[in-house]
Amino acid sequence: MPVYRYPMPKGSEITDEKMFLNRRQFMVSAAGFAAGATVPTIGHAKTIDDYKALNVSVKNSPYSTEDPANPFEDITTHNNFYEFGTGKGDPAANAGTLTTDPWSIKVGGLVNNPGTIDINDILNSLELEERIYRLRCVEAWSMVIPWVGIPLASVLNKYDQQGDAKYVSFETLVRPEEMIGQRNAFGLDWPYVEGLRLDEAMHPLTILAVGVYGKQMPNQNGAPIRLVVPWKYGFKSIKSIVGIKFTAEQPATTWNLQGPSEYGFYSNVNPGVDHPRWSQKTEKIIGSGIFGSRRQTEQFNGYKEQVASLYEGMDLVKNF
Ligand code: MTE
C-alpha cells in the first residue's frame, strides 16, 4: 500500500497554509490522478426539485437539533466521498453515474438468520423520521443536515444475534465502472469499511439515512442508504452501504487502516484531543451568510447527555 496521509482538510478550512500546499503536492504526485480531475463541474449543480421525494410521511424526532439547517445546496455540493474523487465538489460532479436501483444490503456474520434487506422496504417504512443533526467532520468543519432515516437498531433487531456478537461492520459498494474514484489510486483500499461497537450501533441516535430535506438521498451524500452517527467524526458515517455484519472482533475501518495514529476506531468528536496535525477545538460552519463562521466544537458533538454513559470508565484520549 502506498505511503498515504489523510490529506484533509483543505487550506481554506484551516489556518495552516503549509498543510494545504502539502495536500496539493500529494494530489499531484498521487499515481493516476491528475489534479485537474478534482475540479467540480459547477454548471451542472442540481437543485432540490431535481430529486425524488420520499413517498411516506416522515415523523419529527425529539433528537433533532433546533439549530438552523444548512441549505440543500451546501449539503449536496460540499462532500467527502472518495469513491468519486477527493475534492469537495467531486462527488456532486461525478456521482451521477451511480445506479442505486435495484439495491440491497446483505446482513450476516454472527446471526442465526442472515438475510438481505431490499432498499424499498426501508424507503417505504412507516418508521422513517427526520433527524436534524450536526455533521462534524474530522477536518474541523461542520454542517447541520436534516436527514430522513430509520433507527439502525430497528433494522438490526430483526436479526437473531449470536451471543458473541460485540461489533457491527459496514461495507460500501465496490463498482469501479460507476465510481471514478475507485479507478484511481488514492492509496485507499476499497471497499470503504466502517464499524461500531454493538451498543453504539443500537443507540437511538444512530440511524440509517435514506434522504435529506424529505428527498431521496442524493448520490453524493451516499445514496441510497448510509449510516449517520452524530456524536462521531463524519468519516464513521459510511455511505452507499451494501453489507452489514455482526462480528466478535473490532472490525477494521478505512481511515484507521490509513493512519492509526490519526484516526481511531472510536472517533468520538472531542475538542480535548487534537488531531496530530490540527486543532479540534473549533470548527468552520460550512456556507455563507449566517453560516460561514466558526463555532466551538462540543464534546460528543453536543450529544454528551445521550452517549457519555457508553464510555464510562474508558480513557477517551487512549481510545480516541
Ligand atoms: N463513505 C464512503 N463510502 N466514502 C467516503 O469517502 N467519507 C466520509 C463519510 N462517509 C466517505 C464516506 C467522510 S470523511 C465524511 S465527513 C462524510 O461521509 C461526509 O458526508 P457528506 O458528504 O454527506 O457531508
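The values are calculated or read from the model by the stated rules, or taken from the named source; none is laboratory data. The structure presented is a predicted model; accordingly, all values stated were derived computationally and were not measured. We place every Cβ from the backbone using ideal geometry, glycine too, and count neighbours over all the protein chains shown. Accessible surface is based on the protein model in full, side chains and every heavy atom, while ligands, DNA and RNA are left aside. Shrake-Rupley method; radii C 1.70, N 1.55, O 1.52, S 1.80 Å.
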Hey, residue 145 hits all of (1) touching a Gly at 6+ places or on another chain (Cβ under 9 Å); (2) open to solvent by less than 20 Å² (accessible area, probe 1.4 Å); (3) within 16 Å of residue 209 (Cα to Cα) but one; which does it fall short on? (1)
Identify the single condition in (1) assigned to a loop (DSSP other than H, G, I, E, B); (2) out of contact with any strand residue (DSSP E or B) (no Cβ under 9 Å at 6 or more places or on another chain); (3) crowded, with 23+ Cβ neighbours inside 10 Å that residue 230 does not satisfy, given that it satisfies every other one. (2)
Being among the charged types (D, E, K, R), away from the ligand (no atom under 15 Å from the Cβ) and touching a Lys or Arg at 6+ places or on another chain (Cβ under 9 Å) is true for just one of 130, 139. Which residue is that? 130
Conditions (1) open to solvent by less than 10 Å² (accessible area, probe 1.4 Å); (2) on the phi > 0 side of the Ramachandran plot; number of the one not met by residue 292: (1)
Scan (1) touching a Phe, Trp or Tyr at 6+ places or on another chain (Cβ under 8 Å); (2) within 13 Å of the ligand (Cβ to nearest atom); (3) part of a loop (DSSP other than H, G, I, E, B) for the single condition residue 264 breaks and write down its number. (2)
Of the residues in segment 148-192, how many are open to solvent by 50 Å² or more (accessible area, probe 1.4 Å), away from the ligand (no atom under 14 Å from the Cβ), under 12 Å from residue 107 (Cβ atoms) and of a type outside the set (S, T, N, Q)? 2
Out of everything in segment 65-118 that is closer than 21 Å to residue 230 by Cβ, assigned to a helix (DSSP H, G or I) and of a type in the set (A, V, I, L, M, F, W, C), what residue ends up being least open to solvent (accessible area, probe 1.4 Å)? 75
So the check is Cβ under 7 Å with 6+ separation or different chains; which pairs have a first residue in segment 270-283 that's in contact (Cβ under 8 Å) with a residue 60 or more places away in the chain and a second one that's of a type in the set (Val, Ile, Thr)? 275/138; 278/14; 280/273; 280/297; 282/297; 283/297
When segment 233-261 is checked residue by residue, the ones that are assigned to a loop (DSSP other than H, G, I, E, B) and either of a type in the set (A, V, I, L, M, F, W, C) or on the phi > 0 side of the Ramachandran plot (or both) are 238, 240, 248, 252
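From 177, 171, 194, grab the single residue that is within 18 Å of residue 114 (Cα to Cα) and of a type in the set (D, E, K, R). I'd like the intermediate steps shown before the answer.
Working: 177 fails: within 18 Å of residue 114 (Cα to Cα); 194 fails: within 18 Å of residue 114 (Cα to Cα).
The unique qualifying residue is 171.
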Can you name the number of the only condition in (1) under 21 Å from residue 297 (Cβ atoms); (2) in contact with a strand residue (DSSP E or B) (Cβ under 9 Å, 6 or more places away or on another chain); (3) open to solvent by 30 Å² or more (accessible area, probe 1.4 Å); (4) not aliphatic (A, V, I, L, M) that residue 216 fails? (1)
Condition first: within 15 Å of residue 229 (Cβ to Cβ) and small (Gly, Ala, Ser). Now tell me which residues in segment 261-307 satisfy that. 264, 267, 302
Checked against (1) at pLDDT 95 or above; (2) surrounded by fewer than 21 Cβ atoms within 10 Å (Cβ to Cβ); (3) out of contact with any Leu (no Cβ under 9 Å at 6 or more places or on another chain), residue 283 satisfies every condition except (2)
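For segment 176-222, enumerate the residues that are part of a loop (DSSP other than H, G, I, E, B) and of a type in the set (S, T, N, Q). Explain how you work it out, then say what you get.
Residues of segment 176-222 that are part of a loop (DSSP other than H, G, I, E, B), as a first pass: 176-179, 184-192, 202-206, 213-214, 217-218, 222.
Listed by number, the residues that qualify are 184, 206.
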